[in-house]
């Protein structure tokens with residue numbers, strides 16, 4: 001069997017991170033987890049650029065703009081939308097989800113989805129905690145993996161086990 005390897009580090013790769021200011025405490029924790037993971041995987045501080053946007057609704061446009069710039073190997077998106085008593089939650093979640101997917105498809109640059117969609121603040125805080133449970137860390141890891149995989153897809157796969 002031949003397979004494409006995604007075991008690599010972030011050395012020499014550039015990453016953009018789009019993070020929402022709305023629900024700042026939670027988003028700041030997601031960003032911390034993301035940055036910790038990127039640095040742990042070998043990314044240099046100068047190769048990580050962070051763009052703050054007002055809320056989750058604004059994330060896709062910023063992500064698409066950064067991805068289309070040609071400066072980044074991957075873009076990470078971070079935010080949180082907490083369910084309230086109106087349909088607003090559904091609209092913002094759909095816009096963020098669809099927009100991030102569209103940004104990745106239109107540009108060919110990996111754009112990972114780290115926008116939490118939670119029923120309450122407690123759920124959001126649990127997903128933005130320290131260590132491996134931090135979703136910012138998880139989407140940063142996915143960004144590194146995709147940044148390694150996409151260039152390899154244009155070459156023959158490696159012989160695997």
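No lab work stands behind these numbers, since they all come straight from the coordinates. Here the structure is a predicted model, which means the values were calculated and not measured. Neighbour counts run over all protein chains shown; Cβ positions are idealised from the backbone, glycine included.
Label sites at residue 102 and residue 150, each approximated as a point 7 angstrom past Cα along Cα to Cβ, lie 1.8 nm apart. Taking the 0 to 90 degree range and rounding to the nearest ten, how far is the long axis of helix 24-40 tilted relative to the main principal axis of the chain, both from C-alpha atoms? It is inclined by approximately 10 degrees. Each peptide in 53-60, 107-114, 74-81 gets a packing score, the mean of other Cβ atoms within 10 Å over its residues, and the list from highest to lowest is 74-81, 107-114, 53-60.
Between residue 9 and residue 39, 0.36 nm times their residue separation minus their Cα-Cα distance comes to what?
Extra length available between residue 9 and residue 39 comes to 9.8 nm.
Taking a ≥ b ≥ c as the square roots of the eigenvalues of the Cα gyration tensor, an a/c ratio of 1.5 or more together with a/b no larger than b/c marks segment 65-143 as oblate. With the simple model of a label 7 Å out from the Cα in the direction of the Cβ, residue 50 to residue 65 spans 1.9 nm.
Relative contact order of the chain: what whole-number percent is it, with Cα pairs under 8 angstrom and at least 6 residues apart? All intermediate terms of the calculation are to be shown ahead of the outcome.
Working: 324 pairs, mean separation 55.0, N = 161.
In percent, rounded to a whole number, it is 34.
Helix 59-68 and the long axis of the chain differ in direction by around 20°, with both axes built from C-alpha atoms. Relative to its residue count, segment 15-151 spans a Cα convex hull of 89 Å³ per residue.
Once both labels are positioned 7 Å from their Cα atoms along Cα-to-Cβ, the gap between residue 1 and residue 86 label points is 5.1 nm. Could you give the angle, 0 to 90 degrees to the nearest 10, between helix 88-107's Cα long axis and the longest principal axis of the Cα atoms of the chain? The angle comes out at about 20 degrees.
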